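The values are calculated or read from the model by the stated rules, or taken from the named source; none is laboratory data. A quick note: this is a predicted structure, and the numbers were derived from the prediction, not measured. For neighbour counting, all protein chains shown are included, and Cβ atoms are generated from backbone atoms with ideal geometry for every residue, glycine included. We work out accessible area using only protein heavy atoms, side chains counted, and drop any ligands, DNA or RNA first. Shrake-Rupley method; radii C 1.70, N 1.55, O 1.52, S 1.80 Å.
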Amino acid sequence: MTCGHCAGVIRAAITTAAPQADIEVDLSARRVAVEGVTDIDAVERAIREAGYTPELFCNRDMGFHSEHQMRLTIFRVNAS
């Protein structure tokens, strides 16, 4: 992930898989932070299906919200 187009493709893929997700993209670090998602596997799969290789960088419980465990997950993303 090296440009705004890549970031947009990844953001769209994540939004499709998890519409409720809060997404933050850091192009210089090639990192995508995803917050408020319970099925992080679906997010990882969506990034892969968009043509990128996500590597788990950080995964942290954020407590309960609306009876669901929420997580902050950060992926380092490389082009496949």
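Before moving on, here are some points about what is shown:
- Within region 14-42, backbone nitrogen closer than 18 Å to the virtual label 7 Å beyond the Cα of residue 56 toward Cβ: 31-42
- Rounded to whole numbers, the Karplus 3J(HN,Hα) couplings from phi for region 41-53 are 4, 5, 5, 4, 4, 5, 5, 5, 5, 7, x, 10, 10 Hz, using 6.51 cos²θ - 1.76 cosθ + 1.60 with θ = phi - 60°, and x at Gly and Pro.
- In the complete set of protein chains, residue-level accessible area for residue 73 is approximately 0 Å², probe 1.4 angstrom.
- Label-point separation in nm, residue 2 to residue 42, each point 7 Å along Cα→Cβ: 3.3
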